[in-house]
1. Taking R0 as 41 Å, what's the FRET efficiency between residue 59 and residue 143 from their Cβ-Cβ distance, rounded to 0.05?
2. Once the piece of chain linking residue 36 and residue 78 is laid out straight, how much longer is it, given 0.36 nm per residue of separation minus the C-alpha distance between them?
3. Report, ordered by chain and residue number, the aspartates and glutamates lying within cross-link reach of residue 76, taken as a straight Cα distance under 20 Å and ignoring same-chain residues fewer than 8 apart.
4. Find the centroid of the Cα atoms in the range 109-150 and in the range 155-170, then give the distance between the two in whole Å.
5. By how many nm would the segment from residue 170 to residue 114 lengthen if fully extended, with 0.36 nm per residue of separation less the alpha-carbon distance?
Amino acid sequence: MKSTMFKAVITAALLSMSVMAAQAQEQIKIGYVNGERVMRESNLAKAAQAKLEAEFGKREKELTEMDQRRRGMAEKLEKDAATLSDAQRKARQREFDDLNVDFQRKGQAYQEDLNRRKNEELQNINERANRVIKQIFDADKYDLIIQDVAFVSPRVDITKKVIDALNAQK
């Protein structure tokens, strides 16, 4: 009876160890991608930023010059207000108001255009990054790849791998 019980315990232990070994071989493979870092460090993101700067640099410079002109006009109006006639002061105030309205309108249009183009570029980068992540997912047989979490172990961070794969693309 003791020998049957001993054999049963040994068999159960061996069975348990084989189940644990099978489970160990089937561990879930998880990866993490820091999307913000991909958008900041990839060559694609840097090229998009340079493209936007080239596309909007002239307008930004014009707005900066217009703002300086507007500020100078406001200072001059304030400084000269006491010595100007009522008609001159009103004319300068109207000129300043017109410039200010024009500046505000152009600034708003600039910001809307810039935001629209940034979103287009970010969408393009995001689509390409997602394709690369999918390729890595399939090639390396991941069970789960997640983005943007509160805490993550560097052991599962594959962001550099994604950036390198994006940079390798033409």
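Every number in this text was worked out from the coordinates using simple rules, so none of it is lab data. Model, not experiment: these values are computed from the prediction. Note that we place each Cβ from the backbone using ideal geometry, even for glycine, and neighbour counts take in every protein chain shown.
1. Efficiency computed from Cβ-Cβ geometry: 0.30.
2. Between residue 36 and residue 78, full extension yields 10.5 nm more.
3. 65, 67, 86, 95, 97, 98, 102
4. Cα centroid of the range 109-150 versus Cα centroid of the range 155-170: 12 Å apart.
5. 17.6 nm
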